[in-house]
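The values are calculated or read from the model by the stated rules, or taken from the named source; none is laboratory data. As the structure is a computational prediction, the values presented were derived from the model and not from experiment. Note that each Cβ is placed from the backbone with ideal geometry, even for glycine, and that neighbours are counted across all protein chains shown. Ligands, DNA and RNA are stripped out before the accessible areas are found, and what is left, the full protein with its side chains, is counted by its heavy atoms. Shrake-Rupley method; radii C 1.70, N 1.55, O 1.52, S 1.80 Å.
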Amino acid sequence: MLNVDLHCHSNVSDGTLTPMAVAARAKANGVDMWALTDHDEIDGIAEARAAAAALDLPYVAGVEISITWANHTIHIVGLQIDETNPQLVQGLAATRGGRERRAHEMAAQLATVGIPDAFEGALKHVGNPDLISRTHFARYLVEIGRCADTSEVFRNYLTEGNPGYVPHRWASLAQSVQWIRDAGGIAVVAHPGRYKLSDLAFDAFFSEFKQLGGAAIEVMTGSHTPDQYDYYAKVASRYGFLASRGSDFHSPAESRVDLGALPPLPDSVTPVWHNW
Ligand code: AMP
Ligand code: MN
Ligand code: MN
Ligand code: MN
């Protein structure tokens with residue numbers, strides 16, 4: 001059974017390690033096939049690919065696109081993409097475009113609850129000025145002692161109903177799938193168990209994703225509980241989706257699941273990599 005990890009982050013988005021260091025950690029952990037999937041950004045791919053080649057680690061070009069569907073933020077992973085495709089490059093640039101303004105609004109809200117200068121504080125944790133994210137604010141709130149760790153931050157700040165939450169409109173589902181397909185890639189629903197959708201809404205979402213040409217969902221992800229591994233394996237079978245496996249690793253200090261550390265996919269599903 002191959003140890004495949006097709007979802008993780010470097011400091012080109014909200015991970016803490018460079019693409020090269022993520023590649024080295026994947027190799028050291030026994031990963032046999034690896035994709036870096038930074039949020040809305042393909043800038044780490046050249047370094048990741050070169051590092052993987054030097055380590056003799058089979059590499060898959062990837063990205064994780066933020067979208068808004070029925071007022072919910074959802075993430076769509078693209079795998080086997082041509083990261084030079086102009087539609088994809090322009091789409092991701094547009095998706096990143098609103099992040100700085102959003103970050104200023106987040107900082108303004110945090111100032112009203114006694115946390116000044118959070119924009120500058122978050123920026124100290126940013127590896128790529130084009131990609132300031134809630135994770136960087138979370139790290140700043142830990143740094144100044146507001147919260148013990150980033151999970152505590154996301155329970156009390158930066159999330160819906162809490163200080164520092166700024167609603168944001170990302171790309172559409174149709175756009176994300178189109179950009180990925182334009183780039184010759186495969187569209188995968190990231191960590192479906194994280195979204196607070198009703199059964200009815202999930203059915204509408206999966207049906208629309210399928211109809212747009214979406215091909216797979218993550219079954220084994222660091223965000224799922226063991227019950228959700230079983231549940232989303234059944235969902236994959238029901239809709240005829242391929243199944244993916246990825247840790248969603250961000251940082252040695254923060255991530256619950258390390259690179260390559262998830263259980264294997266269940267036998268009942270077809271791996272997204274089965275005919276690569
Ligand atoms: P953004 O794209 O700026 O909205 O930031 C989203 C990122 O914040 C996700 O990719 C996660 O890395 C992190 N995040 C969001 N919610 C949580 C949570 N509840 N616990 C830990 N990390 C979270
Ligand atoms: Mn993230
Ligand atoms: Mn995600
Ligand atoms: Mn992710």
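The set of residues from region 42-58 being open to solvent by less than 10 Å² (accessible area, probe 1.4 Å) and within 16 Å of ligand 4 (Cβ to nearest atom) comprises G44, I45, A48.
Can you confirm whether A26 is hydrophobic (A, V, I, L, M, F, W, C), under 14 Å from the mean Cα position of the chain (by Cα), open to solvent by less than 10 Å² (accessible area, probe 1.4 Å) and under 20 Å from D258 (Cβ atoms)?
Numbers: hydrophobic (A, V, I, L, M, F, W, C): yes; under 14 Å from the mean Cα position of the chain (by Cα): no; open to solvent by less than 10 Å² (accessible area, probe 1.4 Å): yes; under 20 Å from D258 (Cβ atoms): yes.
Spelling it out, it is not the case that A26 is hydrophobic (A, V, I, L, M, F, W, C), under 14 Å from the mean Cα position of the chain (by Cα), open to solvent by less than 10 Å² (accessible area, probe 1.4 Å) and under 20 Å from D258 (Cβ atoms).
Within region 1-13, restricting attention to residues that are open to solvent by less than 10 Å² (accessible area, probe 1.4 Å) and under 12 Å from H250 (Cα atoms), the residue that is farthest from ligand 4 (Cβ to nearest atom) is S10. Of the helices (runs of 4 or more DSSP H) that lie entirely inside region 150-249, those containing 1 or more residues that are more than 14 Å from ligand 1 (Cβ to nearest atom) and in contact with an Asp or Glu (Cβ under 7 Å, 6 or more places away or on another chain) span 173-182.
Considering region 137-163, the residues that are more than 16 Å from ligand 2 (Cβ to nearest atom) and at positive phi include one that is most open to solvent (accessible area, probe 1.4 Å), namely G161. Considered as a group, the residues in region 68-78 that are away from ligand 4 (no atom under 13 Å from the Cβ) and hydrophobic (A, V, I, L, M, F, W, C) include one that is surrounded by the most Cβ atoms within 10 Å (Cβ to Cβ), and that residue is W69.
When S251, S255, S268 are screened for being modelled with pLDDT of 95 or more, farther than 16 Å from N3 by Cα and either in contact with a helix residue (DSSP H, G or I) (Cβ under 7 Å, 6 or more places away or on another chain) or surrounded by fewer than 14 Cβ atoms within 10 Å (Cβ to Cβ) (or both), only S268 passes. For region 215-240, residues that are in contact (Cβ under 8 Å) with a residue 40 or more places away in the chain and open to solvent by 10 Å² or more (accessible area, probe 1.4 Å) total 3.
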